[in-house]
Amino acid sequence: LMLNIDLHSHSTVSDGLLSPEDLVQRAASRGVQVLAVTDHDDIGGLARARQAAIRHGVHLINGVEISVSWSSQTLHIVGLRIDPQSPPLLRGLEVIRSSRAARAQGIAADLDKSGIHGSLAGASRYAGNPNLIGRAHFARYLVERGYAGDVKSIFRKYLNRGKPGYVEHSWVTLADAVSWIRNSGGTAVMAHPGRYSISTVQMRQLLAEFKELGGAALEVVTGSHTPEQYAIFARYAKQFNLFASVGSDYHGPGESYRDIGQLPELPEGCQPVWQQWSDLMAGFSARVNT
């Protein structure tokens, strides 16, 4: 059963450029049949996305992407098929969002010292959700001010570790993120593992710990991975007995590694994360067979 599935995408509720409705519409126009909306640390767009998904005939997966600190790294854990009403999840996300506000003030103060003024107000203009101002919003403002030509260059010059607008920040623990997702009935997925600057030894430690905590899947095919990385992370998934997930990590036109729904298939031998969602699979095979 061949499905066009995209399990990682962002709307204006976090740092995407499209509203939840427009995100779903774009996914539908690109042939996506199953879409997860996974905004950073916020599930405020899911109800709107669901209405749009019904209109466009897309199967929507309730998702979220949780910011985690692990061994002085920031990692992202995607929760798929979460219950958006789960009290521990809602409380946890609320804590992260309030700490994000403090980080945004820190970034602005840091940029101030480099002679870049008014960045908090500037970033706020780009944030669709006033409770969630992230680095991408600062980056868009700095592009507008002419500090670099595009968002990726701004990250390299100002917002990554060791640069003038980078603020050390402590997110939640891996254990917390995985338990909130699991307690809400969801599946915990390690997002874009190829983007973390950690050694092979650390990657093995991380995946062993993730698995032990109840993590279920690894994003093997994702917008920022190269074809070589698809193969590397397919092997890791097999080694740690994790399902494989796919997601574009779409943020909007001109700011994404790949367009939504435009992903290659998983490498041979991967166990797709959706295989365990028997209700979803049964629904689609019923459609195919009618």
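The values are calculated or read from the model by the stated rules, or taken from the named source; none is laboratory data. Only a predicted model underlies this, so the values are computations on that prediction, with no experimental measurement involved. Don't worry about glycine lacking a Cβ; one is built from the backbone with ideal geometry, like all the others, and counts go over all protein chains shown. Heads up: the accessible areas ignore ligands, DNA and RNA and are worked out on the full protein's heavy atoms, side chains in. Shrake-Rupley method; radii C 1.70, N 1.55, O 1.52, S 1.80 Å.
Within the stretch 151-176, which residues are in contact (Cβ under 8 Å) with a residue 60 or more places away in the chain and farther than 20 Å from A102 by Cβ?
Filtering the stretch 151-176 for residues in contact (Cβ under 8 Å) with a residue 60 or more places away in the chain gives 151, 167, 169-174, 176.
Answer for the stretch 151-176, where residues must be in contact (Cβ under 8 Å) with a residue 60 or more places away in the chain and farther than 20 Å from A102 by Cβ: V151, L174.
Which of the residues belonging to the stretch 238-251 are surrounded by fewer than 22 Cβ atoms within 10 Å (Cβ to Cβ) and in a loop (DSSP other than H, G, I, E, B)? It would help to see each step written out before you state the result.
Filtering the stretch 238-251 down to residues surrounded by fewer than 22 Cβ atoms within 10 Å (Cβ to Cβ) leaves 238-241, 243.
Result: F240, N241.
When G185 is evaluated against the numbered criteria (1) part of a helix (DSSP H, G or I); (2) over 22 Å from S98 (Cα atoms); (3) open to solvent by 10 Å² or more (accessible area, probe 1.4 Å), which criterion, by number, is the only one it fails?
Failed condition: (1).
State which residue is farthest from the chain's Cα centre (by Cα) when the search covers only the stretch 255-272 and only residues that are open to solvent by 30 Å² or more (accessible area, probe 1.4 Å) and touching a residue at least 40 places away in the same chain (Cβ under 8 Å).
Filtering the stretch 255-272 for residues that are open to solvent by 30 Å² or more (accessible area, probe 1.4 Å) and touching a residue at least 40 places away in the same chain (Cβ under 8 Å), the one farthest from the chain's Cα centre (by Cα) comes out as P267.
Only one residue in E65, E94, E21 is over 20 Å from L218 (Cα atoms), in contact (Cβ under 8 Å) with a residue 12 or more places away in the chain and among the charged types (D, E, K, R). Which one? Can you show your working first?
On the way: E65 fails: over 20 Å from L218 (Cα atoms); E94 fails: in contact (Cβ under 8 Å) with a residue 12 or more places away in the chain.
Every option except E21 fails the conditions.
Is it true that D6 is touching a strand residue (DSSP E or B) at 6+ places or on another chain (Cβ under 8 Å) and open to solvent by 10 Å² or more (accessible area, probe 1.4 Å)? Reasoning before the result, please.
Details: touching a strand residue (DSSP E or B) at 6+ places or on another chain (Cβ under 8 Å): yes; open to solvent by 10 Å² or more (accessible area, probe 1.4 Å): no.
In short, no.
Test of understanding: among R235, R204, which residue is in contact with a helix residue (DSSP H, G or I) (Cβ under 9 Å, 6 or more places away or on another chain), surrounded by fewer than 19 Cβ atoms within 10 Å (Cβ to Cβ), among the charged types (D, E, K, R) and more than 26 Å from G16 (Cβ to Cβ)?
On the way: R235 fails: in contact with a helix residue (DSSP H, G or I) (Cβ under 9 Å, 6 or more places away or on another chain).
Going through R235, R204 in turn, just one is in contact with a helix residue (DSSP H, G or I) (Cβ under 9 Å, 6 or more places away or on another chain), surrounded by fewer than 19 Cβ atoms within 10 Å (Cβ to Cβ), among the charged types (D, E, K, R) and more than 26 Å from G16 (Cβ to Cβ): R204.
Of the numbered conditions (1) in contact (Cβ under 8 Å) with a residue 60 or more places away in the chain; (2) touching an Asp or Glu at 6+ places or on another chain (Cβ under 7 Å), P193 satisfies every one except a single condition; which is it?
Result: P193 fails condition (1) only.
Residues of the stretch 130-145 being free of Cβ contacts under 8 Å to residues at least 12 places away in the same chain and farther than 13 Å from L120 by Cβ, which ones?
The first filter runs over the stretch 130-145 and keeps only residues free of Cβ contacts under 8 Å to residues at least 12 places away in the same chain, leaving 130, 143.
V143, the sole residue that qualifies.
Restricting to the stretch 207-216, and then to whatever is on the phi < 0 side of the Ramachandran plot and not in a helix (DSSP H, G or I), can you tell me which residue is least open to solvent (accessible area, probe 1.4 Å)?
Within the stretch 207-216, the first condition is being on the phi < 0 side of the Ramachandran plot, and the residues that meet it are 207-213, 215-216.
Filter again for not in a helix (DSSP H, G or I), leaving 213, 215-216.
Values: L213: 59, G215: 6, A216: 26 Å².
Once the filter is applied, the top-ranked residue is G215.
All but one of (1) of a type outside the set (G, A, S); (2) surrounded by 24 or more Cβ atoms within 10 Å (Cβ to Cβ); (3) within 16 Å of P130 (Cα to Cα); (4) over 13 Å from the mean Cα position of the chain (by Cα) hold for V13; which doesn't?
(4)
Please go through the stretch 209-241 and give me each residue that is free of Cβ contacts under 8 Å to residues at least 40 places away in the same chain and among the aliphatic types (A, V, I, L, M), ordered by number.
Answer for the stretch 209-241, where residues must be free of Cβ contacts under 8 Å to residues at least 40 places away in the same chain and among the aliphatic types (A, V, I, L, M): L213, L218, A231, I232, A234, A237.
What number of residues within the stretch 101-147 satisfy the criterion of being under 21 Å from P20 (Cα atoms), among the polar types (S, T, N, Q), open to solvent by 40 Å² or more (accessible area, probe 1.4 Å) and not in a helix (DSSP H, G or I)?
Looking only at that region, the number is 1.
With the requirement that a residue be modelled with pLDDT under 95 and among the hydroxyl-bearing types (S, T, Y), what does the stretch 43-101 give you?
S71, S72, T74, S98, S99
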